[in-house]
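The values are calculated or read from the model by the stated rules, or taken from the named source; none is laboratory data. Remember, it's a predicted structure, so these values are computed and weren't measured experimentally. Ideal geometry is used to build each Cβ from the backbone, glycine not excepted, and the neighbour counts take in all protein chains shown.
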Amino acid sequence: MYDTIIIGAGMSGLAAGIRLAHFGQRVCILERHTTIGGLNSFYRMNGRNYDVGLHAVTNYTPKGTRRGPLSRLLRQLRFTWDEFALAPQLGSSIAFPGVTLHFNNEFELFRSEVHRRFPDQKDNFERLLAELIDYEQLGVSASQQSARETVSRIITDPLLVEMIFCPMLYYGGPRQRDMDFAQFSIMFRAIFLEGLARPFSGVRLILKKLVRKYKELGGELKLRCGVARFGVKEGQVRSVVLDDGAELEARHVLSSAGWRETMRLCNEEAALQSQPPGELSFIESISVLNAEPRLLGCDRTIVFFNDSDVFHYEKPDGLADVRSGVIASPNNYFYDEPLEEGVVRITALANYDRWAALDESAYRLEKLRWYDKTVASAVRFVPDFRSAVIDTDMFTPTTIRRYTGHDNGAVYGAPFKRYDGMTHLENLFVCGTDQGLVGIIGSIISGITIANKYLLK
């Protein structure tokens, strides 16, 4: 009998496991795959390491800062700031036709850019800042309030609204065109008021640190151990039934698999019908270069781009939509030494159903075609780096579906979140993406928060 069984060895599940094991609980994390991390993972191909998911760690604050999610994470999990060794961004941009807004980890730059480019919106922008919901209010004052409606009521220039929403949705938007104002507030704080950073070794460093600490505290981690269903009786999960038929028992179960995926394990058809699946998925091209991107003129950490005055954040009709996207370079941070090779990653919206319908040969062909299309779209907004490319890879919505289990390969899960982490069963809780916090730091904080609130009583 375990105190807690955790479904999924992603960031939130590992963080919850550390927190519980620290207080002497007997904890077991079950992971269907052979690797940890879920979408935020890594792999090796052709002798190279590739990150999946992580563009940047949001919520960055400098060493010594005692407020904010990053400092809370370090205290709760007993890590030092130096163990994550986060290097801050060089600088990023939001690029629309004729207008570019630059930002870095000093918020005054973004504020001054908005004031300079949109002088008639200065007072309105300050009003928006005052309206932002704090982290501590998430799930308390934050109901399903439309961010579009709220922001458009305050910011009266439609172009500025679209430019602000571009990074918000690309880095945390679970539904088409809009998001909860609570999530908008969290993302705005995470990206602009706090900032972006990255470990020199990428996401693998964070994952390895989490797993090592979890195991040192006595936690069990079972890979290739998928869950088939929950044994439910009298309003509780009484057992966790594995794919091989084995049954495990625990006083509590915490699932990071996603709301719909968790309800499916409960055989709750009514809950599935009431909660539509997410529709937003992505393709991402990865280009390995024979030079530092900065030497080619690509000196931005991240560029959020859109090629018209209106940002269409919605499921495309075709395989993908490259009118907008995210260009990210893991090289463009303040490291003490350069990375071994240059890398540029480009993300664009994609249609899971279209990719899933392809046979193997057509799938391989379309990956090549859309690699070319995403890069061609991106080099309208950054210097053309194609002559320096020495290796490539690409992932699609089917890749995301395989490693996260999310319906439709929805990167940010279900469109409506369960901020309190509760389910219809008294000993079953959810954490991670569908609890409402996204990104590396957000996912870790989600696991910590739910563990503290319900599982350490």
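For this structure, a couple of remarks:
- Restricting attention to region 190-199, the residues that are surrounded by fewer than 20 Cβ atoms within 10 Å (Cβ to Cβ) and either under 16 Å from the mean Cα position of the chain (by Cα) or not in a helix (DSSP H, G or I) (or both) total 0.
- Cβ pairs under 8 Å, 6+ apart, first in region 58-86 and part of a loop (DSSP other than H, G, I, E, B), second exposed (fewer than 15 other Cβ atoms within 10 Å of the Cβ) and of a type in the set (K, R): T61/R67
- Residue check for S377: in the same structural domain as K233 (by TED's automatic domain parsing), at pLDDT 90 or above and among the hydroxyl-bearing types (S, T, Y): no
- Test for M45: is it aliphatic (A, V, I, L, M), surrounded by fewer than 21 Cβ atoms within 10 Å (Cβ to Cβ) and touching a residue at least 60 places away in the same chain (Cβ under 8 Å): yes
- Filter result for N351 (under 29 Å from D180 (Cα atoms) and not assigned by TED's automatic domain parsing to the domain that holds C166): no
- Restricting attention to region 65-99 and to residues that are buried (at least 16 other Cβ atoms within 10 Å of the Cβ) and of a type in the set (S, T, Y), the residue that is modelled with the lowest pLDDT turns out to be S71.
- Sole residue being more than 24 Å from V411 (Cβ to Cβ) and either touching a strand residue (DSSP E or B) at 6+ places or on another chain (Cβ under 8 Å) or surrounded by 19 or more Cβ atoms within 10 Å (Cβ to Cβ) (or both), chosen from E247, E314, E268: E247
- Whichever residue in region 313-335 is in contact (Cβ under 8 Å) with a residue 40 or more places away in the chain and in a loop (DSSP other than H, G, I, E, B) and, among such residues, is nearest to T392 (Cα to Cα): P330
- Leading residue by the ranking (farthest from G405 (Cα to Cα)) among those in region 40-57 that are among the aliphatic types (A, V, I, L, M) and modelled with pLDDT under 80: M45
- Hey, L365 surrounded by fewer than 13 Cβ atoms within 10 Å (Cβ to Cβ) and free of Cβ contacts under 8 Å to residues at least 12 places away in the same chain or not: yes
- R32 vs. criteria out of contact with any helix residue (DSSP H, G or I) (no Cβ under 6 Å at 6 or more places or on another chain), basic (K, R), part of a loop (DSSP other than H, G, I, E, B) and modelled with pLDDT under 95: yes
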